[in-house]
Amino acid sequence: MVRKASKYIKESQFTKRDEQGKQRAITLKKESPWVVEKLLQYLYSGSYDLSSSSNAQLFGNLDMYAAGKEYLVDGLSELAANRFVASLYTVGQISIRTFKMMVDMVYTHGPKERFLVENLIRFAHRT
């Protein structure tokens, strides 16, 4: 089930065995334990839960968007992007510092992600 949902896992060396016949493991060194937990939650259930705080909703969904792109997980980036935008419009006022951090995260994932960029611009014009 997990292999089917992620091209990264499916195409990795994880599906092969080492010299002793043991199945290899995938190490996600650059990810926080929180992201790995939510990634596994999505892979097994098709969804993930976040804290109800506005910052957790905003930044957590951006983290999940990045994880979906990084590990080629079907549907995760789309779900995370839609949840990010929904939380963006329900959060109300945010500080300039928080907005800058969101812009930095979105552009880290590439300005080609038009959906996220366009919604950040709309949000900025709204406030």
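Coordinate-derived values only; no laboratory data. From a predicted model like this one, the values you see are computed outputs, not experimental measurements. Cβ: placed from backbone, ideal geometry, glycine included. Neighbour counts: every protein chain shown.
In this label model, SER95 and ARG122 are separated by 2.7 nm, measuring between points 7 Å along each Cα→Cβ vector. For region 31-126, the ratio of Cα radius of gyration to the globular rule of thumb 2.2 N^0.38 Å stands at 1.02.
Working note: Cα gyration tensor of region 48-103, eigenvalues times five, square-rooted, sorted largest first, giving semi-axes of 20, 12, 9 Å. Couplings 3J(HN,Hα) for region 44-61, derived from phi with the Karplus relation 6.51 cos²θ - 1.76 cosθ + 1.60 (θ = phi - 60°), are 8, 10, x, 8, 8, 10, 10, 4, 7, 5, 4, 5, 5, 5, 5, 6, x, 5 Hz, where x marks Gly and Pro. For the listed peptides 61-70, 82-91, a ranking on the average number of other beta carbons within 10 Å per residue, highest first, reads 61-70, 82-91.
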